[in-house]
């Protein structure tokens, strides 16, 4: 990517790869596994949201970033579209089937999801972009043509439970060590 140092290129790629599953920070995705939902949301009741049917975390993560996170962070959205599409489109295909869908849920549930997504995005800015001295409000460089494929391979490897076994507790050394 022209004009960027190696550390800045790495920072952008890691930032967007880490946004790959942003759409999972939504109760509609978490409703797919009720046992996990009970751990994540002990106060959540069955009446707090309807169904997860028709919810696809890739396109909805893309739209959540565009509708919520970019506005609150002041992110250079126009130049981020291609990057977001590359990482949120699972296996390189962002199948947009409509507009951003607000969950059919209690207001506190919607607010909690939005806060979780915003916190995650802020964490990634602090973890990757600030140390590389990147002003994320400035226009982004062009998206690398192979980012969608690279993200798909990373997702496939990271989903292999033979190598990445379930960990019931948070990573002890923190995100900085995990992503190092």
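The values are calculated or read from the model by the stated rules, or taken from the named source; none is laboratory data. Bear in mind the structure is a predicted one, so any value in this text is a computation, not a measurement. Virtual Cβ from ideal backbone geometry, glycine too; neighbours counted across all protein chains shown.
The set of residues from the stretch 154-173 being surrounded by 10 or more Cβ atoms within 10 Å (Cβ to Cβ) and modelled with pLDDT under 80 comprises just one member, 171.
Give the stretch 29-47 a look and list any residue that's modelled with pLDDT under 75 and surrounded by fewer than 17 Cβ atoms within 10 Å (Cβ to Cβ), or say none.
Applying the first criterion (modelled with pLDDT under 75) to the stretch 29-47 yields 44-47.
Within the stretch 29-47, 45, 46, 47 meet the criteria.
Which of the residues belonging to the stretch 7-23 are in a helix (DSSP H, G or I), surrounded by 17 or more Cβ atoms within 10 Å (Cβ to Cβ) and at pLDDT 90 or above? Residues satisfying the conditions are 8, 11, 12, 13, 15, 16, 17, 18, 22. If you go through the stretch 108-144 and keep only what is out of contact with any helix residue (DSSP H, G or I) (no Cβ under 9 Å at 6 or more places or on another chain) and farther than 22 Å from residue 176 by Cα, you end up with just 111.
When we screen 138, 132 for residues that are surrounded by fewer than 11 Cβ atoms within 10 Å (Cβ to Cβ), modelled with pLDDT of 85 or more, over 16 Å from the mean Cα position of the chain (by Cα) and under 29 Å from residue 72 (Cα atoms), the only hit is 138. Residues considered: 63, 84, 73, 77. Of these, the only one that is at pLDDT below 85 and closer than 23 Å to residue 139 by Cα is 77. Among the numbered conditions (1) modelled with pLDDT of 85 or more; (2) farther than 28 Å from residue 177 by Cβ; (3) under 15 Å from the mean Cα position of the chain (by Cα), the only one that residue 94 does not meet is (1).
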